[in-house]
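Read the structure below first, then the notes.
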Amino acid sequence: MGLINGPPLPSTYRVQFVRLGSIGLGCLLSWPLCWVLAFVFVALKTGALRDKEPAPPGIAVLPTQRAYSLSRTQVAVWSLLVVYAYLFIWFITGEYNTEIPRTILVILGISAGTYATAAAVDKSKENDPKKPATVVKSEGFFRDLLTDSGGAGLHRVQFGLFSVVLMIVFAVTVYETLAMPDFNTGLLGLMGISSAAYAGMKIPEKKEP
């Protein structure tokens, strides 16, 4: 027992370790796999993570044929990560009242705000009297997320890259410390700037059906 990165402190406290049974260990290991499979199923078989613009006149586009939405995907992944992290910590420690840092709430707020702003921009383009926006067909998961009609979009790549990096740091920290990380204001600033750039650049962004 001792402070983080410090020497051990003298103590007579006794710690009792509880070994996970085979059922508990199986549940712990199967949860991530089940969640990944559920996410893949939703992504492939439904339109939950895809664009919602109307189809071009005279062209039928099924929900599962629509292009994937970056804002919808990132808010879904962040939500799943936080929920699973909470369940993981509770299952290991037995502490259901675990602390959720305010910065995690800020990240969820940024993700939800980005999704709402992107949806509002797409909706406004649908009402353009000159050339209303229409949905495009999917060209592949990563291509849909990171490119537009002009090729790779810097605003999309930046937003996606910062999101993935923070997600990896979040997952590794939860696994190693059994606590959700408390990101500093600099990292939150990077997330906010990349989100704002993505939402702003969606206004002139073009999609070709």
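The values are calculated or read from the model by the stated rules, or taken from the named source; none is laboratory data. Not measured: the values here are computed from a predicted model. Backbone-built Cβ (ideal geometry, glycine too); neighbour counts: all protein chains shown. SASA here: full protein model, heavy atoms, side chains in, ligands and nucleic acids out. Shrake-Rupley method; radii C 1.70, N 1.55, O 1.52, S 1.80 Å.
Tabulated data
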item: Quarter of the Cα convex hull surface for region 161-202, i.e. its orientation-mean projected area (nm²); result: 3.0
item: Cα→Cβ-extended label distance, 7 Å offset, between Met167 and Thr185, nm; result: 2.8
item: Full-stretch length increase - Cys34, Phe142 - with 0.36 nm per residue and alpha-carbon distance subtracted; result: 36.7 nm
item: The chain, accessible surface, carbon-and-sulfur percent (1.4 angstrom probe); result: 67
item: Sum of -39500 (n - 2.57) over DSSP H runs of 4+, divided by residues of the chain (222 nm, nearest 500); result: -20000 deg cm²/dmol
item: For q = 0.20, 0.22 Å⁻¹, Debye-computed log10 I/I(0) when each Cα of region 9-108 counts as one equal scatterer; result: -1.08, -1.17
item: Accessible surface, region 95-187, averaged per residue in Å² (probe 1.4 Å); result: 61
item: Ratio of the Cα radius of gyration of region 99-174 to 2.2 N^0.38 Å, where N counts its residues; result: 1.38
item: Distance (nanometres) between label positions extended 7 Å along Cα→Cβ at Lys123 and Trp90; result: 3.3
item: Close Lys-Lys pairs in the chain, where close means Cα under 25 Å and separation is 8 or more or interchain; result: 29
item: Solvent-free Debye scattering, log10 I(q)/I(0), computed from the Cα coordinates of region 66-128 at q = 0.16, 0.28 Å⁻¹; result: -0.63, -1.14
item: Modelled FRET efficiency - R0 41 Å, Val42 with Leu3, Cβ distances, 0.05 increments; result: 0.40
item: Candidate residues Phe41, Phe88: accessible-area rank, largest first, probe 1.4 Å; result: Phe41, Phe88
item: Fully extended contour minus Cα-Cα distance, from Thr12 to Ala116, at 0.36 nm per residue; result: 32.0 nm
item: Test item: Cα-centred dipole of region 134-209, Lys/Arg +1 and Asp/Glu -1 on Cβ, debye; result: 260
item: Reduced Cα scattering model of the chain, Debye log10 I(q)/I(0), q = 0.09, 0.11 Å⁻¹; result: -0.46, -0.64
item: Cα-centre dipole for the chain with unit charges at Cβ (Lys and Arg positive, Asp and Glu negative), debye to 20; result: 380
item: Kyte-Doolittle mean at least 0.0 and Cα axial length at least 27 Å: DSSP H helices in the chain; result: 22-45, 70-93, 102-126, 154-177
